[in-house]
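As structure tokens, the structure follows; a few thoughts come after it.
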Amino acid sequence: MKEANIHSKTITHKTWNQAESRFDHSFDFAFQTKEQYLEFRLCWKENYAALSGSIRGLKALIKATMQKREYAGKHQGELHTLKSEATVQLSMLRSAKQEANRQYLTARRITT
């Protein structure tokens, strides 16, 4: 039985890092097996592809708007938000790989 979008079940924690003046993100993943991890990766890839497409489209819109010498500030704000989300998504992927490796090594130690 296939679970409905395991990617959306990932919990994201956002904390302020005062030393570096930025937000740090940590994640609680819902996957427990290799199959669930692979499903997570598939959902992540689809989500990131859509996000990436949105960013490209918005960049083209900003360029066209600015070439007409019109105000593009609203679109630039949206672009900044989407880029921040893309950065979080890449951080999530890195953390997911580490978590999957940790789970694999733990399972391997238990079986040997």
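The values are calculated or read from the model by the stated rules, or taken from the named source; none is laboratory data. Predicted model, so just to flag it, every value in this text is computed and none were measured. Methodologically, a virtual Cβ is constructed for each residue, glycine included, from the backbone with ideal geometry; neighbour enumeration extends over all protein chains shown. The accessibility values were calculated without ligands, DNA or RNA, using every heavy atom of the protein model including side chains. Shrake-Rupley method; radii C 1.70, N 1.55, O 1.52, S 1.80 Å.
Within the set Thr112, Thr12, the sole residue that is polar (S, T, N, Q), open to solvent by 80 Å² or more (accessible area, probe 1.4 Å) and modelled with pLDDT under 95 turns out to be Thr112. Of the residues contained in the stretch 80-97, one or more are found to be touching a strand residue (DSSP E or B) at 6+ places or on another chain (Cβ under 7 Å), within 17 Å of Arg41 (Cα to Cα), in a helix (DSSP H, G or I) and among the polar types (S, T, N, Q). The residues on offer are Leu51, Leu61, and the sole one that is at pLDDT 95 or above, farther than 23 Å from Arg22 by Cβ, of a type in the set (A, V, I, L, M, F, W, C) and surrounded by 13 or more Cβ atoms within 10 Å (Cβ to Cβ) is Leu61. Among residues that are closer than 21 Å to Ile11 by Cα and among the small types (Gly, Ala, Ser), Ser52 is not included. The set of residues in the stretch 79-105 that are open to solvent by 50 Å² or more (accessible area, probe 1.4 Å) and β-branched (Val, Ile, Thr) comprises Thr81, Thr87.
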